[in-house]
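Here the structure is laid out as structure tokens; the discussion comes afterwards.
The values are calculated or read from the model by the stated rules, or taken from the named source; none is laboratory data. Fair warning: this is a prediction, and the values are worked out from it, not measured in the lab. No Cβ is skipped: glycine too gets one built from the backbone with ideal geometry, and neighbour counts run over all protein chains shown. Remember, those area values only see protein heavy atoms, side chains included, never the ligands or the DNA or RNA. Shrake-Rupley method; radii C 1.70, N 1.55, O 1.52, S 1.80 Å.
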Amino acid sequence: SVLEDWLRRRDLPASRRAPAALALAEAGSGSELALGEALHDPEPLVRLCAALGLGKMRTAWAEGALRRMLGTDGSWMARYGAATALGRIGSRSAAAALTAALASDGAWQVRQLVRALQDKELPARAEG
């Protein structure tokens, strides 16, 4: 698709590729692979938007990719996107990943988001 092409074009600035990631999530079917690839984009803004897009899809594959991203990405901005997406998914394993991030993430922005998600009990209401 055109959106996938835009997302993959490294010659375009992140400010144009990031909205493509969000639009792909709205488009739905077939975009999970492109968004998964974008989790490894060199630009944190693109990774953040790809994470948010995957969070809207709420698939098991997306959740696993987001949990890995939350624990390993070098950018607090990208981890913030992963935490937001996991909060949206709301499963028990997403909640466990968020709890681990609260204890170990070095960025106050990510920890503050996780606290807010826990205060709203988003992950706690999940059934699995």
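Structure notes:
- Positive contributions from Lys and Arg (+1) and negative ones from Asp and Glu (-1), summed over other residues with Cβ under 12 Å from the Cβ of Ala60, come out at 0.
- Mean accessible surface per residue for the chain, computed with a 1.4 Å probe while every protein chain stays in place, in Å²: 51 Å²
- Among Ala23, Leu70, Pro13 - extreme Cα towards positive end, dipole of the chain, charges at beta-carbon: Leu70
- Helical content alone sets the calculated 222 nm signal of the chain at -22500 deg cm²/dmol, taking -39,500 (n - 2.57) per DSSP H segment of four or more residues and averaging over every residue.
- Accessible-area composition of segment 64-107, carbon plus sulfur, in percent [1.4 Å probe]: 55 percent
- Each Lys or Arg adds one and each Asp or Glu subtracts one; over the other residues with Cβ under 11 Å from the Cβ of Gln112, this totals 0.
- Take each peptide in 39-50, 93-104, count the other Cβ atoms within 10 Å of every residue, and average; sorted highest first, the result is 39-50, 93-104.
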